[in-house]
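Visitor: Shown below is the structure under consideration.
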Amino acid sequence: MFTGIIDLVPSIETARIVACLSWLLLHRTLSDSGFTLGRRGINNTDAKSALLIGLTSTLWSAAAIKAALADVESSSISDDDDSYGVLPLTSPKVLQWLIIASSAPIITQILFAFWLLCMADLLLARWTNRPSTRLWRGLNSHTPFIWSAALPSTVYRGLLIVFCVAVTVPSLATAYSPSTIPGILSLLGLVIFVQGINGSPRNPYTKSSHWYTDSSLRIALPTSHHEGTMYILPGPSTGIDAVWSPKIRAEHTEADAEIMTLFSHMRADRWVMSEPLQRLRTTLAAYQARVHISGEHAERLAAWIYVDKDHAEFSSLRRIECLRAPGVHLIGRDLMFALCHAEYLVFMAVGRLRPETVAKLGKLRLIRRSGAGGSADQETVGYGRPGLEGYREAVEHVYSMFGLPVDRAAVEFGDSEILPPKSSFALSASGASPAKTIEEYAGQLWDLSTKHSESTFSALYFFTTVWAMEVGNVGGFHMFPLRVRNRDGDAITHLVLWRQAWWAACLAQLVTVSPTIFGLFVAGFVPVS
């Protein structure tokens, strides 16, 4: 049976070409088409890419083993020949094995084995609800380019020793072969790999498009840092979550270009009342264009935001999977930003929603200002009552989405020690008189928010953004109400961080076979551009 399997393995030259062409094509595809991020492996481009690299490496390694077996069987040199010394490494058969091993994809093969081990540990920890063994974690990775920082120091040193021994010994054995070039290239590849997992050269995939599915509706929160928190909207059988992630440029493009610019203008008092909604619209439209959401999941999100308690999955949708900031209520800027995304996804999926769901669109959006279906006479939450009454109605709706009682600090200002801002750019620009109490300020700010918004959540976003700028994180208000459980990240974050390792490994392995790659270019098998 083993002989039959070996016979199916192609020659080492064929396997090498198949692997190299597959990796080059994969690189071109990822650069052009981007990544689909999903918590399920079948929907995750990173997982499928790792499997492609690993399986082609395994095929290549199997071809090297086949070549070694064939070479040893055909050799007439005996291991007992004293002219070759007495050390095992200098015996003819061992040398033949090592020389052929130098042409195998040692780096990608070892990395693939470690990746399988880490993913198995991650999945087992999730299925059994136990802590992982910490073979690999994202705790110390501040950028998506330094994969080695995600490894515990002992694991990193151990892996480094394994890679160095596995590559160096076969490379040195090529000194006994007619050509030492494969060995020299293997050592050069090892240097490139070690440099690569420490951040240089950087992988180019942070600029590629990133697409989202039902289980991975990641919301990139505006930040000036190189790492931060991502909010994840409820998915099948899960509620809203917050996970740590390094900053991926493609995910933060709109948040940086639009929302961070808005914040800058607001801090300098150079903004106009229409700017928050205008920039929010641009951000939401760009996000929705990258989302592959099913009609079924659009209905789930609708059940969540419209508080359909009869929906079969409402109990899981309303869960908060992450931590809540202590002493902070839910009405915070970043959570309202995420809720705007959820409502917009439902709104834009109107063509796939059930008629009874379409009829609810006006509950959270001013239908008279949109071209969607639904009744224009339907009262939108927070818009039917003036001042604090409207604000409190909107707050109560947010809490009902999570099945929680309203925190008093979110709606009652009379007992708090919060003072209104001495000067309010928002109120003065709108012509309102200066507020003498925080309740008066909140009521005026809510009226201003509804005037310059088109939905309940966009009004809450306007309110909380101005509040954060003019009042600050006081009295239970905080722009960041949901927090991550830890900095390890989720499965998607793990796979994103692995890109640098795969990039470095493939570069290193391609260097070892650069003569073959050059021959393919000359022959026209690999396009120059």
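The values are calculated or read from the model by the stated rules, or taken from the named source; none is laboratory data. Given the structure is predicted, the values throughout are model-derived calculations rather than measurements. Cβ: placed from backbone, ideal geometry, glycine included. Neighbour counts: every protein chain shown. Keep in mind that these areas ignore ligands, DNA and RNA; they rest on the heavy atoms of the full protein, side chains included. Shrake-Rupley method; radii C 1.70, N 1.55, O 1.52, S 1.80 Å.
Visitor: With charges set only on the Cβ (+1 for Lys and Arg, -1 for Asp and Glu), what does the dipole of the chain come to about its Cα centre, in debye to the nearest 20?
Guide: With only Lys, Arg, Asp and Glu charged at Cβ, the dipole is about 520 debye.
Visitor: Sticking with the crude label model, points 7 Å out along Cα→Cβ, report the distance from SER224 to ARG249 in nm, one decimal please.
Guide: 2.0
Visitor: Now, a different point. Label LYS93 and GLU296 with points 7 Å out from Cα along Cα→Cβ: what is the distance between them in nm?
Guide: 5.6
Visitor: Continuing with this model, one more query. Roughly how tilted is helix 514-523, in degrees to the nearest 10 and between 0 and 90, from the longest Cα axis of the chain?
Guide: So the helix axis and the longest Cα principal axis differ by about 80 degrees.
Visitor: Rounded to the nearest 0.05, what FRET efficiency do THR168 and ALA325 have when you use their Cβ-Cβ distance and R0 = 51 Å?
Guide: Computed FRET efficiency for THR168 and ALA325 comes out at 0.50.
Visitor: May I ask you to list the lysines whose Cα is less than 19 Å away from that of LYS66, ignoring any residue fewer than eight positions away on the same chain?
Guide: Those lysines meeting the cut-off are LYS93.
Visitor: A further question on this structure: Measure off 7 Å from each Cα along the Cα-to-Cβ vector at ILE42 and HIS265, then give the distance between these two points in nanometres to one decimal.
Guide: Calculated label separation equals 4.5 nm.
Visitor: When a/c reaches 1.5 or more, the comparison of a/b and b/c decides; with that in mind, is the stretch 299-423 rounded, prolate or oblate per its Cα gyration tensor?
Guide: oblate
Visitor: Taking LYS422 as the anchor, which aspartates and glutamates have their alpha carbon closer than 15 Å to its alpha carbon, excluding any fewer than eight residues away along the same chain?
Guide: ASP269, GLU439, GLU440, GLU470
Visitor: Same structure, new question: Report relative contact order for the chain in percent, whole number only (criteria: Cα-Cα under 8 Å, sequence separation at least 6).
Guide: Computed value for the chain: 19 percent relative contact order.
Visitor: Where a ≥ b ≥ c are the square roots of the eigenvalues of the C-alpha gyration tensor, would you call the stretch 348-506 rounded, which needs a/c under 1.5, or, failing that, prolate if a/b is larger than b/c, or oblate?
Guide: oblate
Visitor: Within the stretch 245-284, what whole-number % of the accessible surface is contributed by carbon and sulfur, with the 1.4 Å probe and all protein chains included in the calculation?
Guide: Within the stretch 245-284, the accessible surface is 47 percent carbon and sulfur.
Visitor: Does the chain come out rounded, prolate or oblate, given a ≥ b ≥ c as the square roots of the eigenvalues of its C-alpha gyration tensor, rounded meaning a/c under 1.5 and, failing that, prolate meaning a/b above b/c?
Guide: prolate
Visitor: Relative to the present Cα-Cα distance, how much length would full extension add between SER400 and ARG157 at 0.36 nm per residue of separation?
Guide: Taking 0.36 nm per residue and subtracting the Cα distance, the gain is 82.4 nm.
Visitor: At 1.4 Å probe radius, can you tell me the per residue accessible area of the chain in Å²?
Guide: 44
Visitor: Could you give the length gained on full extension between LEU124 and THR282, defined as 0.36 nm per residue of separation minus the Cα-Cα distance, in nm?
Guide: Taking 0.36 nm per residue and subtracting the Cα distance, the gain is 52.8 nm.
Visitor: Separate question: Taking the Cα atoms only, what angle lies between the long axis of helix 92-101 and the longest principal axis of the chain, rounded to 10 degrees?
Guide: For helix 92-101, the angle is close to 30 degrees.
Visitor: To continue, here is another question. Taking Cα atoms, how many degrees apart are the long axis of helix 491-512 and the longest axis of the chain, rounded to 10 and kept between 0 and 90?
Guide: Around 30 degrees separate the two axes.
Visitor: Measuring from centroid to centroid over Cα atoms, what is the spacing of the stretch 411-438 and the stretch 172-244 in Å?
Guide: Measuring centre to centre over Cα atoms gives 47 Å.
Visitor: Additional query: Which of the lysines could a cross-linker span from LYS309 if the Cα-Cα distance has to be under 26 Å and same-chain partners fewer than 8 positions apart are dropped?
Guide: List returned: LYS360, LYS363.
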